[in-house]
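The values are calculated or read from the model by the stated rules, or taken from the named source; none is laboratory data. The model shown is predicted, which means the values in this text are computed figures rather than measured ones. Here the Cβ positions follow ideal geometry from the backbone for every residue, glycine too, while neighbour counts run over all protein chains shown. Note: accessible area is taken over every heavy atom of the protein model, side chains too, but ligands, DNA and RNA are not part of it. Shrake-Rupley method; radii C 1.70, N 1.55, O 1.52, S 1.80 Å.
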Amino acid sequence: METGPIGVFDSGYGGLTILRSIREIMPGYDYVYLGDNARAPYGTKDFDTVFEYTLQAVRKLFGMGCPLVILACNTASAKALRNIQQHYIADCCPERRVLGVIRPTAEIVGTITKTGHIGILATPGTIKSESYVLEIRKFFPDCHVTGLACPSWVPLVESGMYDSTEADGEVRRQIDTLLMMDKDIDTVILGCTHYPLLEKKIRQFCPPYVNIIAQGKYVAESLRNYLERHTGMAGRISKGATCRYFTTDSVDMVSKKMSVFLNKNIVVNSIKLEK
Ligand code: DGL
């Protein structure tokens, strides 16, 4: 049987936070990471555009031999996943799969909160889609969910300013606003895969009683669980422990930034996404 790598897709750098967690617990598989950095951010784009871009990326990853693609992007998971699963996959390639990052997070958050009040920090697109509210309600109908869009956070990460003091004011302002919207919030989901890069600052400006949930660990555990239950799919993934990186933007710039983030030198290749 032909085997291929797991595809991991994000609009830019954020999906690396998911890839890292997945590779930590499943280092033996092969992976391909695709960042659409040239067209990031997705979080401020309309539904149809995010759907179209995400579909282009999924097609490309399938074309590279990936039997399974993870949308390591909440915005794409919120705006494109269901459509891709129900139409494109069902019609064109029923033997392949695409999974998102919202459900694995929604499934566990009710077991972490004590007050039952949950805050979501995410892109405007994810907040507007109400995907978190709907998904969390399925598993924990008694929880209160309050979402806040943070439109300036992805640009801070994509421009490499996530460690700078310029980011402080933006991060503090959004945290204060969210906690004012519901004073009983004790658990905050970082509902954008870019935000863990700001986690140090987010923790600094959050009161210590607030649990901060970065998705990597939960998405990785959920994927491991999925592959244990779907042994046919697990058997179709190649096991050479490699990872290749692709970007739609300048390879020199992205290689440098991804190397800093991953703390090792990596070579990023150029890729084009089109209709
Ligand atoms: N990292 C993505 C997410 O999880 C998208 C960020 C963006 O491109 O706006 O939503």
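Remarks
- Against the chain, whose longest principal axis comes from its Cα atoms, helix 216-229 is set at around 40 degrees.
- Heavy atoms of the protein chains alone define the surface here; on that basis the stretch 1-84 has 30 Å² accessible area per residue at 1.4 Å probe size.
- Rel. contact order, % - alpha carbon contacts under 8 angstrom, at least six apart, the stretch 1-76: 50 percent
- Sequence of K45, K239, K128 from largest to smallest accessible area, 1.4 Å probe: K128, K239, K45
- Å² per residue, accessible surface of the stretch 88-164 at 1.4 Å: 45 Å²
- Between the exposed loop cleavage positions of the chain, defined as GluC sites (Glu not before Pro) in a non-H, G, I, E, B DSSP state with at most 15 neighbouring beta-carbon atoms within 10 angstrom, the longest gap is 131-273.
- Unit charges on C-beta of K, R, D, E only; dipole of the chain, Debye: 500 debye
- Between helix 15-25 and the chain there is an angle of about 70 degrees, using the helix long axis and the longest principal axis of the Cα atoms.
- Seen against the Cα atoms of the chain and their longest principal axis, helix 166-181 is set at about 70 degrees.
- Within the accessible area of the chain (1.4 Å probe), percent carbon and sulfur: 51 percent
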